[in-house]
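Some notes on the structure that comes next.
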Amino acid sequence: MKTSAFEAYHSHLQRAAQILRLSKEDIARLREPDRSIIKTLVVERENGEKVSLPAYRVQFSNARGPYKGGIRFHPEAGLDEVKALSAEMAIKTAVVGIPFGGAKGGVGFDPKGYSKKEIEKVARAYVRAFAEDIGPDKDIPAPDVYTNPEIMQWMRDEYEKVIGRPAPAAFTGKPVEAGGSEGRDTATADGAIFVLEAYLKKKGLMDSTTKRVAIQGFGNAGFNAARVLRNLGYTIVAVSDSKGGVHKPSGLDPEEVNRVKEEGRSITELYCKGSVCDAKKLSDDHANVITGEDIFGISCDIFIPAALGGVITGENAARVEASVILEIANGPTTPEADAILEERGIVVIPDVLANAGGVAVSYFEWLQNKKGEVWSKEEVRKRLKETMEHAFGEVFARAEKEKVSLRDAAYAIAFGKLLAAPLGKK
Ligand code: GLU
């Protein structure tokens, strides 16, 4: 049976507990969230039909500061997954040393089948349902899978209507013109690349290694990572989305891929319309169209899962042909896959470090809102770089010292900080 996301968290906890020699009591403290809140949102669709959608907010820990974490709109968002993601948030905020705890939210529906007006209704209904549970000093949501700055702006607006006063710091990831921070939209990808380059430098691979990158998932984070990496001289040899992908060893242009996606089309449509492909263009470009599963076996140096969790599994880990996996998605590698990758000497730069740039800049946004300040893009970028490089340095050093993986080191650091916090011993 496949390990669930929350079981995967427990597996990470067990491994870190051995490194830290944690007592049974401490392990018990770290096993479950403080609170799981489940509501039903009733939303009227444009055709007059009323739908009931399951909605979640899981507050894992506020031992180090207010609960913090995104809200995802996804048909598979369920309690187990949201619990796991809330725990991961508590770990990441500790790894990058920002004074927040961990939480996560979700609504179980497929936003792709909903109009913009309907999505706005879901967003506002979510805030009304959880208004008592969230707030700028209590629990601060942000975007996640299939939610975005515009949705955060609706949520902030709805929250302010409920409480009757301005509360810009109640949500992060807002549009810049509506109290958001410069650099938040690209922060997850930027942070991941700062960490990747810190790793390559540390290993002396910065100039010696070829830099062929394959990216699974081409949403906000996947696209931004592709764009920045290409500008830095990396070659994007393959990208995929939920419907399939394209492999082009000489390098894809992320902007071109994004144009196709923005038109609501699949990446494969760079070369194909339905099942009919442009054979001449494919041969001229030495490219081929691949399935969503093929991306895992593409020959590359850096493999980036940038979409959903649980995609690198016990089944496909043996096919991965990269030397480094940079986890931009949350929870992309199952514990079974981790064991196989470790055995094969493939280094995994774990999500709780690699993708923590998003929440780091969320913290900067929250600070700016609280202090009434506006930081420049350069300022945000400089602070993000420092934050990520510092966190990487700590994780790398711990991994060397304990002779463990970067993931185990990151979890050990985070659990140590959580238990040391005054509220960590509840
Ligand atoms: N959803 C993002 C994550 O998983 C960002 C969370 C936040 O900014 O609070 O890290």
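Of the set (1) more than 16 Å from the ligand (Cβ to nearest atom); (2) in the same structural domain as GLY222 (by TED's automatic domain parsing); (3) in a helix (DSSP H, G or I), all apply to ALA192 but (1). Does ASP133 fit the bill of being among the acidic types (Asp, Glu), part of a loop (DSSP other than H, G, I, E, B) and more than 30 Å from HIS390 (Cα to Cα)? Yes.
From the list GLY108, GLY102, which one is free of Cβ contacts under 8 Å to residues at least 60 places away in the same chain, more than 13 Å from the ligand (Cβ to nearest atom) and among the small types (Gly, Ala, Ser)?
Numbers: GLY102 fails: more than 13 Å from the ligand (Cβ to nearest atom).
Sole residue among the options that is free of Cβ contacts under 8 Å to residues at least 60 places away in the same chain, more than 13 Å from the ligand (Cβ to nearest atom) and among the small types (Gly, Ala, Ser): GLY108.
You will find that of PHE218, PHE171, the residue that is more than 23 Å from ARG259 (Cα to Cα), buried (at least 24 other Cβ atoms within 10 Å of the Cβ) and of a type outside the set (Asp, Glu) is PHE171 and no other. The combined condition, being surrounded by fewer than 18 Cβ atoms within 10 Å (Cβ to Cβ), farther than 22 Å from ALA8 by Cα and either modelled with pLDDT of 95 or more or touching a Leu at 6+ places or on another chain (Cβ under 6 Å) (or both), is fulfilled by LYS377. Is it the case that ALA397 is small (Gly, Ala, Ser), touching a helix residue (DSSP H, G or I) at 6+ places or on another chain (Cβ under 6 Å) and not assigned by TED's automatic domain parsing to the domain that holds GLY135? Judged against the criteria, ALA397 is not a match. The requirement of being within 24 Å of ALA8 (Cβ to Cβ) and assigned by TED's automatic domain parsing to the domain that holds LEU196 is fulfilled somewhere in region 285-293, by at least one residue. When you check GLU402 against the structure, is it free of Cβ contacts under 8 Å to residues at least 60 places away in the same chain, more than 14 Å from the ligand (Cβ to nearest atom) and of a type in the set (Asp, Glu), yes or no? Considered against the rule, which asks whether it is free of Cβ contacts under 8 Å to residues at least 60 places away in the same chain, more than 14 Å from the ligand (Cβ to nearest atom) and of a type in the set (Asp, Glu), GLU402 comes out as no. Of all residues in region 107-130, those satisfying the criterion of being aromatic (Phe, Trp, Tyr) and part of a helix (DSSP H, G or I) are TYR126, PHE130.
Restricting attention to region 55-85, and to residues there that are within 23 Å of LEU384 (Cβ to Cβ) and of a type in the set (Gly, Ala, Ser), which single residue is surrounded by the most Cβ atoms within 10 Å (Cβ to Cβ)?
Here is the first cut: in region 55-85, the ones within 23 Å of LEU384 (Cβ to Cβ) are 64-72, 85.
Right, trim to of a type in the set (Gly, Ala, Ser) and you get 65, 69-70.
Details: GLY65: 20, GLY69: 32, GLY70: 23.
It comes out as GLY69.
Can you tell which of ALA131, ALA84 is in contact (Cβ under 8 Å) with a residue 24 or more places away in the chain, aliphatic (A, V, I, L, M) and away from the ligand (no atom under 16 Å from the Cβ)? Break it down into steps so the answer makes sense when it comes.
Numbers: ALA84 fails: away from the ligand (no atom under 16 Å from the Cβ).
Exactly one of ALA131, ALA84 is in contact (Cβ under 8 Å) with a residue 24 or more places away in the chain, aliphatic (A, V, I, L, M) and away from the ligand (no atom under 16 Å from the Cβ), namely ALA131.
Any residue at all in region 83-106 that is of a type in the set (D, E, K, R), touching a Gly at 6+ places or on another chain (Cβ under 6 Å) and not in a helix (DSSP H, G or I)? Talk me through it step by step, then tell me what you get.
Residues of region 83-106 of a type in the set (D, E, K, R): 83, 88, 92, 104.
If we keep only those that are touching a Gly at 6+ places or on another chain (Cβ under 6 Å) too, we end up with 104.
If we keep only those that are not in a helix (DSSP H, G or I) too, we end up with 104.
Yes, region 83-106 has at least one match.
The values are calculated or read from the model by the stated rules, or taken from the named source; none is laboratory data. Note that this is a predicted model, so its numbers are computed, not measured. Cβ atoms come from the backbone with ideal geometry, glycine included; neighbour counts cover every protein chain shown.
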